[in-house]
Every structure is written in structure tokens, then in C-alpha cells.
1. Quick one: is residue 126 away from the ligand (no atom under 16 Å from the Cβ), at pLDDT 95 or above and of a type in the set (S, T, N, Q)?
2. Do any residues in the range 11-30 that are more than 21 Å from residue 50 (Cβ to Cβ) have Cβ atoms under 8 Å from those of residues that are of a type in the set (Gly, Ala, Ser) and within 11 Å of the ligand (Cβ to nearest atom), where the two are at least six apart or on different chains, and which pairs are they?
3. Collect the residues in the range 1-24 that are within 12 Å of the ligand (Cβ to nearest atom) and on the phi < 0 side of the Ramachandran plot, keeping them in residue-number order.
4. Restricting attention to the range 152-167, and to residues there that are buried (at least 20 other Cβ atoms within 10 Å of the Cβ) and more than 21 Å from residue 188 (Cα to Cα), which single residue is nearest to the ligand (Cβ to nearest atom)?
5. Would you check which residues across the range 29-46 are within 13 Å of the ligand (Cβ to nearest atom) and not basic (Lys, Arg) and list them?
6. In the range 174-184, which residues are more than 14 Å from the chain's Cα centre (by Cα) and within 13 Å of the ligand (Cβ to nearest atom)?
7. Out of (1) more than 25 Å from residue 152 (Cβ to Cβ); (2) in contact with a helix residue (DSSP H, G or I) (Cβ under 7 Å, 6 or more places away or on another chain); (3) among the acidic types (Asp, Glu), what's the single condition that is false for residue 179?
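The values are calculated or read from the model by the stated rules, or taken from the named source; none is laboratory data. This structure is a prediction, so every number in the text was calculated from the model and none was measured. We place every Cβ from the backbone using ideal geometry, glycine too, and count neighbours over all the protein chains shown.
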Amino acid sequence: MKDILQELEDRRRVARQGGGERRVAAQHAKGKLSARERIELLLDEGSFEEFDMFVAHRSSDFGMEKDRPPGDGVVTGWGTVNGRLIYVFSQDFTVFGGSLSETHAQKICKIMDMALQNGAPVIGMNDSGGARIQEGVNSLAGYAEVFQRNIMASGVVPQISLIMGPCAGGAVYSPAMTDFIFMVKDSSYMFVTGPDVVKTVTNEVVTAEELGGASTHTKKSSVADGAYENDVEALAETRRLIDFLPLSNRERAPVRPFFDNPLRVEPSLDTLIPDNPHQPYDMKELILKLADEGDFFEIQAAFAGNIVIGFIRIEGQSVGVVANQPMVLAGCLDIDSSRKAARFVRFCDAFEIPILTLVDVPGFLPGTSQEYGGVIKHGAKLLFAYGEATVPKVTVITRKAYGGAYDVMASKHLRGDFNYAWPTAEIAVMGAKGATEIIYRGKTAEEIAERATEYEARFATPFVAAERGFIDEVIMPQSTRRRISRAFASLRGKKLSNPWKKHDNIPL
Ligand code: HXC
């Protein structure tokens, strides 16, 4: 009996060694943690339960039968984050470069199936040389099995991908279908074809970092939702994000203890809007003042800064925030900001997270690059996302709400539940100058200026909309946190559904 127990211990020790000391040291030398160290930091201490520690590949080509390390390059299992169930896989670069074989894929699929069945998020830590070259089509089949599960899990359980090393070729498409992608600066990259192929095909010379590093994907492509200094920070921030999310679409997001009065009055907000309507102010200041304890988890902070998205809590409950940012491009909507916000609104709706929309939008960005780039279709994504969302929707217009952008930003007409405006709100088809130049075409400059003042006084206020009931109430800025806390509290029992359909056809 003792021998058998000893054998188990010995086998476990071998499995835990991964690719051996030399390769683990090489991993550390690159500033990267090992697959198991990452899991330890992500999950609550001592909560990890492993699956398939002894699974080995079945390949016999290229002499592979002589090298069958237990675990096959990925550590999988489950544990908890602040006491809540999470499924994880962590690719082990020290074993065949973390490459994906048929059995490696089966291990990932097993925990994805469990996550879907038991209603818990899947967190994938990616660090892999891609398809296991010795396995050929078996490896490709394995990827496709994972892809299919990503698709089935979408909108059912949250899926988060951490890119902590290479992620190249078709392998990128699994993270691409998850809800959030976080990268580690300087040690991770993602691309469909690497620098060598790029050079051969297009003659462009580019480094892996330039082509698909964290900076590229958080600032240019928007493939990734955040970039962190190192593995430790990425894992800590992932724990922070998980606390905002429900385990599945069958549950509500957790209610956390809060120490901030929901009725807190914030007099400084009464002077947030500058006297000059063309002067910007920082919308993030408003978000922080509305949030419990000023805690805001921002998503895609480095991309399309003209819209700000992320999670806060109000009375301990998760709320998704979408806010125009007057500091960047005057807060206008454009292709990038529409895409960014639309996906976020859909995530919140899929997981029953109420949405707070803060509006200061002068309209859509004009120009040939926007039109040629399809701003019509991309803008429609945000319109569609808001219109189909059935979660509680509370909107506050702080200043500008012009033209189509007024409609798009969770207006009353898109089933907004509470639509508030500050007294500084300007709700109109367009700015006074532009409007009068059209209506009074051919008149002198003085006449137009006079009419513009008239137009401004009549339309650049919240009161015309309030007269029609499109705005439920014009509120004092200082009372905004109290108003929205009470609004969300009153909406906890909201029940709204859309007509039956197989699925919609959002303009992609
Ligand atoms: C098998 C692999 C491997 C792979 C790396 N290794 N990639 N083994 N299949 N795909 C092994 C190496 O042989 C080596 O083994 C160890 O992992 C570490 O690799 P190094 O090259 O020494 O590491 P490094 O210098 O850091 O370079 C990492 C790398 C490079 C950039 C990822 O290894 C690389 O270019 N690998 C090939 C990438 C690739 O072409 N993959 C297929 C892409 S196509 P030892 O024993 O020496 O430690 C694809 C299609 C997916 O993925 C389609 C899905 C639909």
C-alpha cells in the first residue's frame, strides 16, 4: 500500500515539474511565471483542484512516443476567486512550447464543458507555440473543438483570456471569441501570421512586438481590452474583474459590501460643466464620483478614448458604464467608439448587468474616412445593442445630446427606463449655428447670429425634451448618485423580453 501511495506522489512530482528545471528557469528569465504559478496567483490560496494531471499525448510520429510528459503542456482544473467557482486552463510553455495537441485540446474542452454545465466562468491563460507541429490535423481538430465550445459558452458563462506569451496563427481565434482579452506588456503577442510571413508576402519589416504586442492590440487594433506590466498584475486585475461579474447568465452579479452612502450628495458636480460649452471636462471625474468608493474597472482605456466603458458598483451592485468623453474628439461617436461601446452593452445585457449611460455627445464624427470606413454600419451596432438590451437602463445627459447620437445613447425611445438630464443639457437636432445657417440660408451674418441665439435659448436646453416626457426629470448634478441609486433599486424587479427569434442580425 505504501508503495502505491509513494508511486502517486512520485508521479505527481514529475507532472508538476512540467518541462523541467532548465525550461522553467528560461521561462522565469523572460519575466514569465510558470503555468502553475499563474494558477496559484489567480485562484484563492489552496482552492485549486486539478483535472487530468496524467494525461499524455498519443502521437507516435517523429519519435514522439519516447517523450510523453504527464499533463501534455496544459494545466486544467477549477478553484475559487473570492470564494466563487472558476474553471481554468493554463498552457505550460515548458512542455513542447505549450503547443496544442489532440489531448491538450481535450483537457481544455473538458473544463469548458464542466463550466458550461455548472454555470461558472472559464479563464484561459495562453502561452503557446500554436498547433503541435508533430500532430498535424489532429491538432487543428483540437482547436476547432475548443472554438466550438467558445461559441456555445458565449453569453452563457463569462470567458476571459490572458495572453501571457505567444499566441499565433489560428490559435488567436479562441481568445478572440471570449469576452475579455488581457495581455502582458513585452512578453506576449498575438497575430494571425508572424513577422516572417508578413515579410515574405508584403515585404513589410516588423517585429513581433510591433505586429501583435500589447501596445498594438490595446491602442490600434482593439483586439485586447487591457495591458498589464507583468503576470502578477494581470492576474490580480483579472480577480478584480471577476468580482464584478455573475458566474453565468443564470445568476446575478454578486452584491459586495459597500461603505459609501448611496444617497451621497456631491456638490462639486454642480460646477463640473464649464461655462463655455466648447470647453471639455473629464467625464471620468463624474464616473468616479458616482461609483461606490470611487472604484471603476475600466475596459479598453487606451482605445477610442472618446467613449469610456467599464464597471462600477452602486449600492454594492455591478453596473456597466458607457460615457462619452468630451476630452477626446469632443466626445463624438465614430467607428471605433461605436464598436467599443456596442460590444460592451451586449456583454452587460447578456449577463444581466444594468447599464448607466452618461451622455455628452455633439454627434457623429464627419468625414470621408468615417463614411468610407462604414460609420453607418458601425454606428448602427451601438444603436442596435442599446435597443435590444432588456437590462435596466439609466441615462443622464450632462451636456450635449445632438442629432442621431441623442437617439443612440440609450434614449427614452430605445426603452431607457430612467432618462435624466442636468439643467446644462442641450438636446437638439444640431448645434444652434449650424441649424440657423440652414434654416436662414442667404440671410446676413448678423441675422443668422441673432437667430442662433434664439435657437439656442429655445432648443439648447433639456426642457423641450422634458415637456415631451423624453426626459423623465431634470435633476441637480449634485444629486446624481442619489437619483441613479434609487433608479437602479427600483428596477431590480424589471422584466422585459424581446420577441422570439432564432437570433438577431446585428449589423456586423
Ligand atoms: C511543437 C513546439 C512548437 C509547436 C514550440 N515548440 N512551438 N513544439 N509544436 N508548435 C517547442 C520547441 O521545439 C522547443 O522545444 C520549445 O517548444 C520552446 O520553443 P523555442 O523555439 O525554443 O522557444 P522560443 O525561442 O521562445 O520561440 C517560441 C516560438 C517558436 C516563437 C513560439 O517556438 C515558434 O516559432 N514555434 C513554432 C510556431 C508555429 O509555427 N506554430 C504553428 C502555427 S500554425 P524544446 O524541446 O527545445 O524545449 C497554428 C495553426 C493553428 O498554430 C490553427 C488553428 C485553427
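1. Details: away from the ligand (no atom under 16 Å from the Cβ): no; at pLDDT 95 or above: yes; of a type in the set (S, T, N, Q): yes.
No, not satisfied.
2. 30/187
3. As a first pass, look at the range 1-24 and keep what is within 12 Å of the ligand (Cβ to nearest atom): 18-20, 22-24.
Matches in the range 1-24: 19, 22, 23, 24.
4. Taking the range 152-167 as the starting set, the residues that turn out to be buried (at least 20 other Cβ atoms within 10 Å of the Cβ) are 153, 157-167.
Narrowing further to those that are more than 21 Å from residue 188 (Cα to Cα): 153, 157-158.
On the way: 153: 18, 157: 23, 158: 23 Å.
Only one residue tops the list, namely 153.
5. Correct list: 29, 31.
6. Restricting attention to the range 174-184, the residues satisfying the condition of being more than 14 Å from the chain's Cα centre (by Cα) are 174, 184.
Of everything in the range 174-184, just one residue is more than 14 Å from the chain's Cα centre (by Cα) and within 13 Å of the ligand (Cβ to nearest atom), namely 174.
7. Exception for residue 179: condition (1).
Here is a yes/no grid of residues against (1) in a helix (DSSP H, G or I); (2) within 12 Å of the ligand (Cβ to nearest atom); (3) crowded, with 18+ Cβ neighbours inside 10 Å:
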residue	(1), (2), (3)
172	yes, yes, yes
186	no, no, no
193	no, yes, no
197	yes, yes, no
205	no, no, no
223	no, no, yes
